[in-house]
Amino acid sequence: MQLQLVSYDSQPSRPGPLQKWRLRRVVEYVDSHLGERIMLSDLAAAAGLTRMHFAAQFRVAMGIRPHHYVLRRRIDHACALLRDPELPLVEVALAVGFQTQAHFTTVFKRYVGATPHRWRRCEAALLGEPMRKAANFALEHARAPISAANG
């Protein structure tokens, strides 16, 4: 009888980063569903992985957890929407996927360092009227659907 020795590494293997094509699919999914509830299972399905494999690989690739990435994207989009002074804060909160304005304000302040109202006031003061009009023009064109000729 012959024995074979099998060696096991004392350290468990670390997951590699999420492949670029999978990451691109997840980023596109998040950006197109910001106003909706986004679950870890939704992101994993977009990447074609199990939740645990996805979460580990995403964290290696991006340096943050998937949940924090989604929150960051929501806040980034909220900042763009807040540049429109006519849009109520509650509509901004709902448009970026928060259930209440209070929760939106709490998360916004954690990420940005100011409440949405204060950030909007400071941003308006910094931009001034000519820049505000240009920013609103750009925002309106960013919301316009892409025509078949452009897409």
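The values are calculated or read from the model by the stated rules, or taken from the named source; none is laboratory data. Here the structure is a predicted model, which is why all the values come from computation and not from measurement. In this analysis, Cβ positions are derived from the backbone assuming ideal geometry, glycine residues included, and neighbour counts consider all displayed protein chains.
Here is how the numbers come out for the structure above:
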read-out	value
Which listed residue is closer than 17 Å to residue 25 by Cα and among the aliphatic types (A, V, I, L, M), from 87, 82, 43	43
Failed item in (1) in contact with a helix residue (DSSP H, G or I) (Cβ under 8 Å, 6 or more places away or on another chain); (2) at pLDDT 95 or above; (3) exposed (fewer than 15 other Cβ atoms within 10 Å of the Cβ); (4) in a loop (DSSP other than H, G, I, E, B), with residue 41 passing the rest	(4)
Filtered residue count, the range 65-80, keeping only those that are without any contact (Cβ under 8 Å) to a residue 24 or more places away in the chain and touching a helix residue (DSSP H, G or I) at 6+ places or on another chain (Cβ under 8 Å)	1
Qualifying residues in the range 11-38 (those that are touching a residue at least 24 places away in the same chain (Cβ under 8 Å) and exposed (fewer than 14 other Cβ atoms within 10 Å of the Cβ)) - the one farthest from the chain's Cα centre (by Cα)	14
